[in-house]
Amino acid sequence: MLDPLSVKNSGYITLKKVRDERDGNLVIAEAMKDIPFEIKRVYFINQLENSVSIRGQHAHHELEQVIFCISGSFVLGLDDGVNKQRIIMNKDNVGVILGKKLWHTMEEFSSGCVLLVFASDYYNESDYIRDYAEFQKVIGKNS
Ligand code: T46
C-alpha cells in the first residue's frame, strides 16, 4: 500500500517487474509509456555511505524527472510550497514523479542504497532553484 501523494506535480509510477525465483528480478521502464516524457538523461547516485548526507534541496523550473530507489531505502521529502510530505522509498519498481517546481530532498540513506533518475532534459544548472526563498517567490508568481 503506497502512502497517498498530496503534493502538486507528483505521483507514483509502478514499473513491470518480472520475477524469477532463482534468477532475480527484471524491471522495465519505457519512455512515453511508463515514464510520461521522452527520456533525455539517466543518472544514478550510489555509495551513500555518509548516513547524515542530505541531497537535493532544490526544485527545477521546467525539468521533469522520475526517481527510483533500486536498492536499499531512503526518505524523499517533497514540498510544493503548500503541502509537504516524506515518502519512504524502498520498492525497486515504484518511482515518484518530480514534476516542475517541486522542492525535493533525499536523506536517511540505507547502506547499499542506489537511486536511479530518468530526466526529461539535459543537465542545465540554470533550471535549478537552489534557494528556498527564491523557490517560494517562483511558486507565488506562477501558481
Ligand atoms: C535532482 C536530484 C533528484 C552534472 O554535471 N550533471 C548532471 O546530470 C547532474 C544530475 C549533476 N551534475 C553536477 C551538478 C553538481 O555540481 O553534479 C553535481 C552534484 O549535483 P547535485 O548537487 O544537484 O546532486 P543532487 O543529488 O542534490 O541532485 C540530483 C540532480 O542534480 C537533481 O536534478 O533533481 O538529483
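The values are calculated or read from the model by the stated rules, or taken from the named source; none is laboratory data. For clarity, every value in this text was computed on a predicted model and none was experimentally measured. Every residue, glycine among them, receives a Cβ derived from its backbone with ideal geometry; neighbour counts consider all protein chains shown. Side chains are part of the model used for accessible areas, which takes the heavy atoms of the whole protein and leaves out ligands, DNA and RNA. Shrake-Rupley method; radii C 1.70, N 1.55, O 1.52, S 1.80 Å.
Here are some notes:
- Selection over the range 26-48 of residues that are in contact (Cβ under 8 Å) with a residue 40 or more places away in the chain, open to solvent by 90 Å² or more (accessible area, probe 1.4 Å) and not basic (Lys, Arg) gives a count of 2.
- Residues satisfying the stated conditions in the range 105-121, i.e. more than 19 Å from Asn50 (Cβ to Cβ) and open to solvent by less than 10 Å² (accessible area, probe 1.4 Å): Val117, Ala119
- Checking the stated criteria, Tyr12 turns out to be more than 24 Å from Ala133 (Cα to Cα), surrounded by 13 or more Cβ atoms within 10 Å (Cβ to Cβ), within 14 Å of the chain's Cα centre (by Cα) and aromatic (Phe, Trp, Tyr).
- Residue count, the range 90-143 (criterion: within 13 Å of the chain's Cα centre (by Cα) and over 27 Å from Glu38 (Cβ atoms)): 2
- Criterion applied to Asn124, Asn93 was being in contact (Cβ under 8 Å) with a residue 40 or more places away in the chain and crowded, with 16+ Cβ neighbours inside 10 Å, and the one residue passing it is Asn93.
- Residues satisfying the stated conditions in the range 15-25, i.e. open to solvent by less than 80 Å² (accessible area, probe 1.4 Å) and assigned to a strand (DSSP E or B): Lys17, Val18, Asp20, Gly24
- The set of residues in the range 87-107 being within 15 Å of the ligand (Cβ to nearest atom) and part of a strand (DSSP E or B) consists of Ile87, Met89, Gly95, Val96, Ile97, Leu98, Trp103, His104, Thr105, Met106, Glu107.
- Residue identified as among the hydroxyl-bearing types (Ser, Thr, Tyr), touching a residue at least 40 places away in the same chain (Cβ under 8 Å), open to solvent by less than 40 Å² (accessible area, probe 1.4 Å) and away from the ligand (no atom under 15 Å from the Cβ) among Ser73, Ser51: Ser73
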